[in-house]
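> Quick one: this structure, given as structure tokens, is what I'll be asking you about.
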Amino acid sequence: MAYVPSSRRGWLTGVCSSALVLALPLHAAQMAKRPRLRLAGPMATVSFPLMRLVDSGALAGLAEQVEFVAWTNPDQLRALVLGGEVDFVAAPSNVAANLYNRGAPLRLLDVSVWGMLWLVSRNAQWKTLDQFKGQEIAMPFRADMPDILFQLLARQQGLDPGRDFKLRYVASPLEAMQLLITRRVDHALLAEPAISMALRKTQSFPVSVVAPQLYRSVNLQQEWARVFQRAPEIAQAGVAAVGALRQDAALLRQVRAALAEAHAWCWANPKACGEMASRYAPMLQADAVADSLLATPAVWRSARDARPELEFFFGHLMQHQPAVIGGKLPDAGFYF
């Protein structure tokens with residue numbers, strides 16, 4: 001099942017090929033309520049549908065209490081999953097595959113992020129990775145999604161990431177953004193909504209007095225399309241069920257249906273989504289979140305329907321960085 005929410009921006013068309021969002025697979029009244037469901041995610045685009053589930057009460061028929069908790073780095077994410085502290089988690093697709101292949105009790109429900117990475121630069125003209133040879137680039141999260149995709153795309157076009165670029169690894173997107181704004185680097189690889197936050201910050205007083213003019217330069221999704229001759233969609237992140245409930249197919253169908261609706265709502269209502277996200281994460285600016293949704297593909301697919309694209313991505317990772325997905329392709333049990 002695939003769902004692409006309709007958009008008022010004219011460049012997307014709404015398609016619903018199943019009754020996923022029109023009818024719940026199992027009425028909530030037929031399910032025993034759980035005391036609590038915990039949903040976890042980063043302060044990023046992949047978490048907006050989870051926030052919406054909590055905010056709208058969409059899972060009230062499944063649990064007495066539904067809460068959202070944030071993870072701030074990949075190590076914390078892994079600890080939440082392995083410690084059984086959450087029921088559903090938003091995660092980069094490679095991390096979910098890695099955890100599954102290493103025996104974590106996890107099952108992927110959907111892929112809801114298909115492109116949110118850009119090189120942000122003081123140079124407005126450069127649009128492909130090869131133009132950045134010899135340049136210093138701030139890179140958050142060594143060996144995780146931004147770094148993995150950058151290295152994969154560089155190698156695919158004959159570039160050596162370690163030799164042809166000066167990669168400055170930092171602990172978080174916020175640190176990379178600060179390096180840009182304070183002129184300590186000229187380029188950084190960022191994900192939404194950090195990009196929109198950086199662009200808004202440098203255009204507003206008093207930061208605009210000292211900050212450099214910043215531009216979206218390389219769209220990694222377009223690089224993906226150019227290098228691999230595919231659609232500009234990278235199966236980057238989604239939501240997985242964790243623990244014993246990953247085996248409850250009826251519950252998973254209902255949660256996945258709610259996730260599809262929440263995703264559609266976020267992209268159809270960027271301003272309201274921005275206001276909601278800023279309540280859950282005050283460091284996220286409402287206007288910047290709305291900007292980020294306008295710049296991010298409004299594509300949602302079930303994990304099973306996303307499997308071909310995930311396996312294409314994972315297959316290339318197996319050639320260069322097999323450890324990041326746990327050394328093998330996930331089997332069919334990974335995909336719901």
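> If you scan the stretch 317-336, which residues turn out to be surrounded by 13 or more Cβ atoms within 10 Å (Cβ to Cβ), touching a Lys or Arg at 6+ places or on another chain (Cβ under 9 Å) and assigned to a helix (DSSP H, G or I)?
Answer for the stretch 317-336, where residues must be surrounded by 13 or more Cβ atoms within 10 Å (Cβ to Cβ), touching a Lys or Arg at 6+ places or on another chain (Cβ under 9 Å) and assigned to a helix (DSSP H, G or I): Met318, His320, Pro322, Phe334.
> How many of the residues making up the stretch 124-138 are part of a loop (DSSP other than H, G, I, E, B) and either under 25 Å from the mean Cα position of the chain (by Cα) or over 16 Å from Leu180 (Cα atoms) (or both)?
Of the residues in the stretch 124-138, 6 are part of a loop (DSSP other than H, G, I, E, B) and either under 25 Å from the mean Cα position of the chain (by Cα) or over 16 Å from Leu180 (Cα atoms) (or both).
> Something else now. Scan the stretch 97-105 and give yes if some residue there is modelled with pLDDT of 95 or more, within 14 Å of the chain's Cα centre (by Cα), among the hydrophobic types (A, V, I, L, M, F, W, C) and not assigned by the TED database to the domain that holds Trp224, otherwise no.
No, the stretch 97-105 contains no residue that is modelled with pLDDT of 95 or more, within 14 Å of the chain's Cα centre (by Cα), among the hydrophobic types (A, V, I, L, M, F, W, C) and not assigned by the TED database to the domain that holds Trp224.
> Follow-up. Select, from Met116, Met145, the only residue that is modelled with pLDDT under 90, touching a strand residue (DSSP E or B) at 6+ places or on another chain (Cβ under 7 Å), of a type in the set (A, V, I, L, M) and within 20 Å of Ala237 (Cα to Cα).
Met145
> With Ala241, Ala288 as the choices, which residue is part of a strand (DSSP E or B) and crowded, with 21+ Cβ neighbours inside 10 Å?
Of Ala241, Ala288, the one residue that is part of a strand (DSSP E or B) and crowded, with 21+ Cβ neighbours inside 10 Å is Ala241.
> Looking at (1) in contact with a Gly (Cβ under 8 Å, 6 or more places away or on another chain); (2) under 23 Å from Phe312 (Cβ atoms), which is the one condition that is false for Val95?
Every listed condition holds for Val95 apart from (1).
> Those residues that are open to solvent by 10 Å² or more (accessible area, probe 1.4 Å) and either over 20 Å from Leu149 (Cβ atoms) or small (Gly, Ala, Ser) (or both), I need them from the stretch 72-96; list them, please.
Thr72, Gln76, Ala79, Leu80, Leu82, Gly83, Gly84, Glu85, Asp87, listed by residue number.
> What are the pairs with Cβ atoms under 6 angstrom where one residue, in the stretch 39-62, is touching a residue at least 12 places away in the same chain (Cβ under 8 Å) and the other, located anywhere, is open to solvent by less than 10 Å² (accessible area, probe 1.4 Å) and aromatic (Phe, Trp, Tyr)? Sequence gap at least six, or different chains.
What qualifies is Leu39/Phe88.
> Given the conditions (1) over 11 Å from Phe48 (Cα atoms); (2) at pLDDT 95 or above; (3) open to solvent by less than 10 Å² (accessible area, probe 1.4 Å), report the number of the one that Gly274 does not fulfil.
With respect to (1) over 11 Å from Phe48 (Cα atoms); (2) at pLDDT 95 or above; (3) open to solvent by less than 10 Å² (accessible area, probe 1.4 Å), Gly274 is out only on (1).
> Continuing with this model, one more query. Within the stretch 70-78, identify whether any single residue is at pLDDT 95 or above, among the acidic types (Asp, Glu) and under 29 Å from Ala290 (Cα atoms), and answer yes or no.
no
> Shifting gears a bit: Pick out the one residue from Pro161, Pro146 that is open to solvent by less than 50 Å² (accessible area, probe 1.4 Å) and over 21 Å from the mean Cα position of the chain (by Cα).
Pro161
> Further question on the same structure: Could you say which residue among Glu261, Glu233 is open to solvent by 10 Å² or more (accessible area, probe 1.4 Å), under 15 Å from the mean Cα position of the chain (by Cα) and among the charged types (D, E, K, R)?
Just one listed residue meets the conditions, Glu233.
> Filter the stretch 57-98 for residues that are in a helix (DSSP H, G or I) and among the aliphatic types (A, V, I, L, M) and give the result.
Leu77, Ala79, Leu80, Val81, Leu82, Val95, Ala96, Ala97
> Scan the stretch 139-176 for residues that are of a type outside the set (A, V, I, L, M, F, W, C), over 18 Å from Val218 (Cα atoms) and outside any loop (DSSP other than H, G, I, E, B) and jot them down.
Within the stretch 139-176, Gly162, Arg163, Tyr169, Glu175 qualify.
The values are calculated or read from the model by the stated rules, or taken from the named source; none is laboratory data. No experiment lies behind these values; they were computed from the predicted model shown. Note: ideal-geometry Cβ built from the backbone for every residue, glycine included; neighbour counts use all protein chains shown. Only protein heavy atoms, including side chains, enter the accessible area calculation; ligands, DNA and RNA are left aside. Shrake-Rupley method; radii C 1.70, N 1.55, O 1.52, S 1.80 Å.
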